[in-house]
Amino acid sequence: MRPTKRLIALGLATALLAACGHKDKDAPLAFVPADTPYVFANIEAPSDDVRASAYNQWNLQLPGQLAQLKTLADSQEQVGHTNNANLLRALVKEVDGKKAEDVVTTLGMDPKGKMAFYGMGLAPVLRADLADPNAFNSFIDRMEAAYGQKFEVAKVGDQSYRKAVSAESGTEVVLAVVGKQLVATLLPSDAAEPLLRQALGLDRPEKNLQEDGRLEKIAKDKGYEKFAVGAVERQGPALRRHGAPEDAGGRRQDRRAGHRPGQPVPTVLRSRCHAHRRTFPVGQLRLHPDRRHPPGNALRHRPGA
């Protein structure tokens, strides 16, 4: 689903630009299951120069990204996905004309905080530290006004959250402030409560990625900087357990995501499986803080990754 990919990419870039910080039990990585099929996060803080370089790079790219979102919104409206088009235009209206630094402040994000973008099975989750939770809630209020429709407010236990349901794709965007962290995730519209609770961080995984130390090992083995490290799992238990477990007859289903036998998993959460398992480190993003306008792209794939 293209709108989802665009929103995820923009949200991930925003969170990464805001990210840095130290190890603690409530760090975003402490909520990431050790068997997540994909993850991109920061372990340590980037320097001020690196953060400034990232802001400069994003400021150069943002007009083109917004133009793509506008085109995508038009195409979604043409095929009858009006809610998707409205949401994309609301996002464009909120970000258009702002610099990267201003976007981070508008979202209430902590420039010296941490973030993690990862999969609960195949469902994407973004968790990031906030400097001002009220600013984030105000941002959502303005999104609703631009969207022209209130997001549904719901609760699981004592935790409230907002959601925007897309009937066309069978999914829902869930937004919440949990403690001093923002949580944004894309789930099936009929997601079961256990999946929702774990996505929000109300129930912790039995083993988390911070304890596992996999990203630290990747950074050490590859010589990566620790402000942007990731890994992708090609098939394996994580996809089967969280994504589509088999029933007694060998049929694929996804009870954790609220799916009943015989029902298809929404397209956005579907993936082809491979017969083997392997972890692929994500190529290091190298920034050039010593150059105001580096040749080519300031975010470069490190050779040999």
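All of the numbers you see were taken from the coordinates with simple rules; none came from a lab. Keep in mind the model is a prediction, meaning the values are calculated, not measured. Cβ: placed from backbone, ideal geometry, glycine included. Neighbour counts: every protein chain shown.
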Using a Förster radius of 30 Å, what is the FRET efficiency between Asp26 and Gln149 based on their Cβ-Cβ separation? Nearest 0.05, please. 0.35
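Just to be sure I follow: if Rg is taken over the C-alpha atoms of segment 111-182 and Rh is the Kirkwood radius over the same atoms, what is Rg/Rh?
Working: Rg = 13.1 Å, Rh = 13.5 Å.
Answer for segment 111-182: 0.97.
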Which order results if Ser189, Ser53 are arranged by neighbouring Cβ count within 10 Å, fewest first? Ser189, Ser53
